[in-house]
1. Which count do you get for residues in region 99-135 that are touching a residue at least 24 places away in the same chain (Cβ under 8 Å), within 12 Å of the chain's Cα centre (by Cα) and over 17 Å from residue 65 (Cβ atoms)?
2. Inside region 1-22, can you point out the residues that are β-branched (Val, Ile, Thr) and either open to solvent by less than 40 Å² (accessible area, probe 1.4 Å) or under 15 Å from residue 133 (Cα atoms) (or both)?
3. Name the residues in region 37-55 that are under 19 Å from residue 117 (Cβ atoms) and of a type outside the set (S, T, N, Q), would you?
4. Cβ contacts < 7 Å: first residue open to solvent by 60 Å² or more (accessible area, probe 1.4 Å) and modelled with pLDDT under 90, restricted to region 57-78; second residue assigned to a helix (DSSP H, G or I) and of a type in the set (A, V, I, L, M), any location; separation 6+ or different chain. Result?
5. Look through region 23-44, keep the residues that are of a type outside the set (A, V, I, L, M, F, W, C), part of a strand (DSSP E or B) and touching a residue at least 60 places away in the same chain (Cβ under 8 Å), and return whichever of them is least open to solvent (accessible area, probe 1.4 Å).
6. Which ones in region 116-135 are touching a Lys or Arg at 6+ places or on another chain (Cβ under 7 Å) and either of a type in the set (Val, Ile, Thr) or open to solvent by 50 Å² or more (accessible area, probe 1.4 Å) (or both)?
7. Would you check if there is a residue in region 80-87 being modelled with pLDDT of 70 or more, under 18 Å from the mean Cα position of the chain (by Cα), over 22 Å from residue 42 (Cα atoms) and not in a helix (DSSP H, G or I)?
8. Name, by its number, the condition in (1) among the charged types (D, E, K, R); (2) out of contact with any strand residue (DSSP E or B) (no Cβ under 9 Å at 6 or more places or on another chain); (3) under 21 Å from residue 73 (Cβ atoms) that does not hold for residue 22.
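The values are calculated or read from the model by the stated rules, or taken from the named source; none is laboratory data. Note that the structure is predicted; figures quoted are calculated from it, not measured. Neighbour counts are summed over all protein chains in view; Cβ atoms, including those assigned to glycine, are modelled from backbone coordinates with ideal geometry. Just so you know, the surface numbers come from the protein's heavy atoms only, side chains and all, with ligands and any DNA or RNA stripped out. Shrake-Rupley method; radii C 1.70, N 1.55, O 1.52, S 1.80 Å.
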Amino acid sequence: MNTSTERDTYVARCLRVAGAARAAGVTLTKHDKDHVLEVSRDGASVRFPIVTDDRLWRETTVEEAFYAVLVDARGFAAADLSDAIVVPITDEVEKSEISLIKRDAADEKSRMDSLTAMLGGESQLAALYATADLT
C-alpha cells in the first residue's frame, strides 16, 4: 500500500468487517504470544493461527487479523486439491508437501465450519465476505 488513502481504505474495511462479525455476536481476541486470533461466542471458540513475525504481529490490530483470517479462508476454499490436480506432480519435493497442504486445508475448513456455525450459517459468512469485498 503506497498511499495513506490506500491504508485508510484497508483499515476502514478491516474495521467494517470486524464490526459486522461483532454485530453477529462473536468476540475477537488476539493472542500475542502464539500469533493466534481467537473467535468465540456462547462458550464455543476457534483459534486461527496467523503466520507472521513478532514485530508485525504486535503491530497488527485484531480487526486486521480477522480480515486476514477471511482472506486466507477464501483462498483455501478456492484451492483445488483434488487428485486430478495433485497426482500429476512429479517433483519429489512438491510431492512430499501434498499431504501437509491437504492437512492444512482440512484444518482451515474445520476452523471455518466452526466460525460459520458461530455466525449463524453460510448466509452470514457470505455477508462477511461481501463486507470484506471478497465475493
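1. Residues in region 99-135 being touching a residue at least 24 places away in the same chain (Cβ under 8 Å), within 12 Å of the chain's Cα centre (by Cα) and over 17 Å from residue 65 (Cβ atoms): 2 in total.
2. Step one: list which residues in region 1-22 are β-branched (Val, Ile, Thr), which gives 3, 5, 9, 11, 17.
Once the filter is applied, which keeps residues that are β-branched (Val, Ile, Thr) and either open to solvent by less than 40 Å² (accessible area, probe 1.4 Å) or under 15 Å from residue 133 (Cα atoms) (or both), region 1-22 yields 9, 11, 17.
3. Of the residues in region 37-55, the ones under 19 Å from residue 117 (Cβ atoms) are 37-48.
Answer for region 37-55, where residues must be under 19 Å from residue 117 (Cβ atoms) and of a type outside the set (S, T, N, Q): 37, 38, 39, 41, 42, 43, 44, 46, 47, 48.
4. 76/105
5. From region 23-44, those of a type outside the set (A, V, I, L, M, F, W, C) are 25, 27, 29-35, 38, 40-43; that's our starting set.
Remaining after also requiring part of a strand (DSSP E or B): 27, 29-31, 38, 40-41.
Of the ones still in play, those that are also touching a residue at least 60 places away in the same chain (Cβ under 8 Å) are 40-41.
Numbers: 40: 29, 41: 76 Å².
Of everything passing the filter in region 23-44, 40 is least open to solvent (accessible area, probe 1.4 Å).
6. So in region 116-135, the residues touching a Lys or Arg at 6+ places or on another chain (Cβ under 7 Å) come out as 118, 129, 131-134.
Once the filter is applied, which keeps residues that are touching a Lys or Arg at 6+ places or on another chain (Cβ under 7 Å) and either of a type in the set (Val, Ile, Thr) or open to solvent by 50 Å² or more (accessible area, probe 1.4 Å) (or both), region 116-135 yields 131, 133.
7. Filtering region 80-87 down to residues modelled with pLDDT of 70 or more leaves none.
No: zero hits.
8. (2)
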